[in-house]
Amino acid sequence: MKPSVFALVDCNNFYASCEKLFRPDLRYTPVVVLSNNDGCVVARSKEAKALGIKMGVPIHHIKAEIRRYGIEVFSSNYTLYGDMSRRVMTTLEALAPRVDVYSIDEAFLDLTGINRVVPVEEFGRQVKDTVYQNVGLPVCVGIAPTRTLAKLANHAAKKYAATGGVVDLTDAIRQRRLMDRVPVGEVWGVGRRITARLESLGITTALQLAEADPATLRNQFSVVLERTARELNGIPCLPWEEAPQPKKQIMCSRSFGQPLTQLKDLEEALAHFATRVGEKLRRGDQFAGEIMVFIRTNPFRPEVPQYSESVTTRLIIPSQDSRVIVDKALELLRSIYRQGYQYAKAGVLVSELVTTSVRQADLFEAEPAETGGGTRSERLMALMDQINRRSRGALTTARQAGNNAYAMRRSHLSPAYTTNWRQLPVVH
């Protein structure tokens with residue numbers, strides 16, 4: 001059996017790098033990207049990190065630093081980031097036999113057997129250079145016999161400039177040397193609470209975790225931590241995901257750009273969220289059996305009256321029809337809405353998800369054979385999705401029509417450089 005070899009490819013400062021890509025004048029300028037409603041810093045360029053800008057800091061706390069150092073501020077541009085992520089992953093899929101997309105800016109590559117053709121470190125540099133050439137985004141590559149060690153190798157590739165952004169950790173001696181330097185809290189999957197408990201037992205480094213007794217880790221912590229320790233010892237324990245697992249829940253929620261007090265404004269927001277949920281259900285070929293709606297005021301403003309409520313209902317027939325989900329969500333909203341409050345956030349969550357193969361049909365619903373392929377509802381939703389893909393969401397439900405009082409604050413939003421013809425960058 002061939003020894004396993006994995007690579008973790010991680011984009012550097014992804015959101016900030018996407019913003020800089022189309023602004024070459026900002027190449028050496030500190031950049032921060034803000035959360036929804038321009039609240040807190042969620043991404044920083046290396047220049048911003050060097051200035052001591054912390055992750056999660058509210059933007060109004062660093063106004064003086066922004067002026068003093070000329071920091072460029074951007075609102076989150078999820079359309080841009082999603083498209084750039086797709087380009088990175090498409091490039092990786094052309095380079096490696098198998099790719100497991102872990103997040104918007106990370107992917108694992110299965111490099112098992114590739115060392116027969118080319119040294120793995122050399123291949124890692126090819127990956128790094130190709131992504132930069134094709135997409136324009138810098139990445140780091142960590143290579144190791146397990147995913148956990150590949151994460152550790154990637155951490156070293158980012159931290160130590162002498163590595164050139166690629167670290168090969170397939171050698172056992174190099175593994176132990178690095179693990180002896182890395183705090184246990186930097187190990188993939190070891191959170192803050194587990195770190196504190198491990199440190200109380202005298203386990204402060206990744207190497208000490210690797211040398212800990214597996215049975216003790218299982219008994220005092222969990223089988224997950226035991227697997228982590230085994231992975232640090234070069235034993236693969238995490239299964240390869242050929243395809244993403246079906247989702248168990250789907251949620252669409254958002255903090256509003258301004259407080260909402262009127263029911264009609266909340267209805268418009270919930271209709272939008274419910275429609276998005278329906279789109280996600282159809283994309284995954286899933287049907288929702290349960291719907292939950294919640295609304296709440298801003299808990300960080302104790303000087304105003306506070307209210308928070310949620311309500312759940314089951315659907316007799318699981319559905320992915322946006323009309324059904326919107327109508328049910330609005331019905332639930334009206335049952336919990338109370339006047340006199342300034343609502344700051346709302347959301348729709350669907351659960352009890354099933355696929356077409358196990359969905360119980362409606363007795364009065366026409367069979368696909370009788371309707372020419374798909375029920376009337378499915379054909380209508382498919383047509384709606386097709387129109388929206390071609391026209392960027394031009395078709396909505398009547399419930400969504402309004403003044404978008406719930407829209408997020410995005411005062412520093414950059415153009416949709418890659419997905420909107422009217423916003424393509426122009427070279428003079």
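The values are calculated or read from the model by the stated rules, or taken from the named source; none is laboratory data. Everything numeric in this text was worked out from a predicted model, so none of it was measured. Reconstructed Cβ throughout: ideal geometry from the backbone, glycine too, with neighbour counts over all protein chains shown. Each accessible area value is taken on the protein alone, full model and side chains, heavy atoms only, with ligands, DNA and RNA left out. Shrake-Rupley method; radii C 1.70, N 1.55, O 1.52, S 1.80 Å.
Computing FRET efficiency as 1/(1 + (r/R0)^6) for residue 94 and residue 64, where r is the C-beta to C-beta distance and R0 is 41 Å, gives about 0.35.
Computed extension length for residue 199-residue 422: 74.8 nm, one decimal, from 0.36 nm per residue of separation with the Cα-Cα distance subtracted.
Explain nothing, just the number: relative contact order of the chain, from Cα pairs under 8 Å at least 6 residues apart, as a whole percent. List each step's numbers first, then the result.
Details: 732 pairs, mean separation 68.2, N = 428.
Taking the mean separation of contacting Cα pairs over the length of the chain, I get 16 percent.
For segment 233-302, the gyration tensor built on C-alpha atoms gives an oblate shape. Its axis ratio a/c (a ≥ b ≥ c) is at least 1.5, and a/b is not larger than b/c. In the Gaussian network model of the chain, springs joining C-alpha atoms below 10 Å, which of 375, 312, 79 carries the largest mean-square fluctuation? Fluctuation is largest for 375. The amide H of residue 98, built 1.01 Å from its N in the peptide plane, has 110 as neighbours under 5 Å, considering only residues 5 or more places off or on other chains. At q = 0.16 Å⁻¹, what log₁₀ I(q)/I(0) does segment 278-332 have when each alpha carbon counts as one equal point scatterer in the Debye sum? At q = 0.16 Å⁻¹ the computed log10 ratios are -0.57. Using the Karplus relation 6.51 cos²θ - 1.76 cosθ + 1.60 with θ = phi - 60°, the per-residue 3J(HN,Hα) values for segment 276-292 come to 4, 4, x, 4, 5, 4, 5, 5, x, 6, 10, 10, 8, x, 8, 10, 10 Hz, with x marking Gly and Pro.
Considering helices alone, the calculated mean residue ellipticity of the chain at 222 nm is -11500 deg cm²/dmol, with DSSP H runs of length four and up weighted by -39500 (n - 2.57) and normalised per residue.
Report, by chain and number, residues whose modeled amide H sits under 5 Å from the one on residue 347, excluding near sequence neighbours (fewer than 5 apart, same chain). Sorted by chain and number, the residues that satisfy this are 294. In order along segment 410-415, the phi-based Karplus estimate (6.51 cos²θ - 1.76 cosθ + 1.60, θ = phi - 60°) of 3J(HN,Hα) comes to 9, 6, 10, 6, 7, x Hz; Gly and Pro are listed as x. Taking all protein chains together and rolling a 1.4 Å probe, residue 62 ends up with roughly 10 Å² accessible. For segment 31-80, the antiparallel share of DSSP beta bridges with both residues in that region comes to about 50%.
Computed with a 1.4 Å probe over protein heavy atoms only, the accessible surface of segment 80-146 comes to 43 Å² per residue.
Across 277, 311, the residue with the most accessible area heads the list, and the full order at a 1.4 Å probe is 311, 277.
Relative protection proxy for 110-120, 28-38, from highest mean packing down: 28-38, 110-120 (other beta-carbon atoms within 10 angstrom). Here residue 63 is the anchor, and the aspartates and glutamates within straight C-alpha reach of less than 15 Å, apart from those fewer than 8 places off in the same chain, are 38, 72. For segment 1-158, the convex hull spanned by the alpha carbon atoms encloses 110 Å³ per residue.
What angle do you read, to the nearest 10 degrees and between 0 and 90, between the alpha-carbon axis of helix 78-95 and the longest principal axis of the chain? On a 0 to 90 degree scale, this one is about 50. Annotation: amide H-H contacts under 5 Å for residue 298 (H modelled 1.01 Å from N, sequence separation of 5 or more, or interchain): 344.
By the gyration tensor of its Cα atoms, with a ≥ b ≥ c the square roots of the eigenvalues, what is the shape of segment 1-86: rounded for a/c under 1.5, prolate for a/b over b/c, or oblate?
On the way: a/c = 2.06, a/b = 1.94, b/c = 1.06.
Here segment 1-86 falls in the prolate category.
Inter-label distance, residue 388 to residue 51: 3.8 nm, where each label sits 7 Å from its Cα along the C-beta direction. Measuring against 32 Å, Cα to Cα, the residue pairs 151/328; 20/328; 20/280; 158/248 contain 151/328; 20/328; 158/248 as the ones spanning a longer distance. Going by a ≥ b ≥ c, the root eigenvalues of the Cα gyration tensor, does segment 133-271 fall in the rounded group (a/c under 1.5), the prolate group (a/b larger than b/c) or the oblate group? Since a/c reaches 1.5 and a/b is larger than b/c, the shape of segment 133-271 is classed as prolate. Seen from a random direction on average, the alpha-carbon convex hull of segment 251-351 projects onto 6.0 square nanometres.
Computed from phi, the 3J(HN,Hα) profile of segment 158-173 under the Karplus parametrisation 6.51, -1.76, 1.60 (θ = phi - 60°) reads 7, 7, 9, 5, 5, 6, x, x, 9, 10, 9, 10, 7, 7, 4, 5 Hz, with x in place of Gly and Pro.
Computed on protein heavy atoms with a 1.4 Å probe, the accessible areas place 71, 104, 316 in the order 316, 104, 71, largest first. On the principal axes of its alpha-carbon atoms, segment 42-118 has extents of 54, 26, 18 Å, going from largest to smallest. The orientation-averaged projection of the convex hull spanning the C-alpha atoms of the chain amounts to 26.8 square nanometres.
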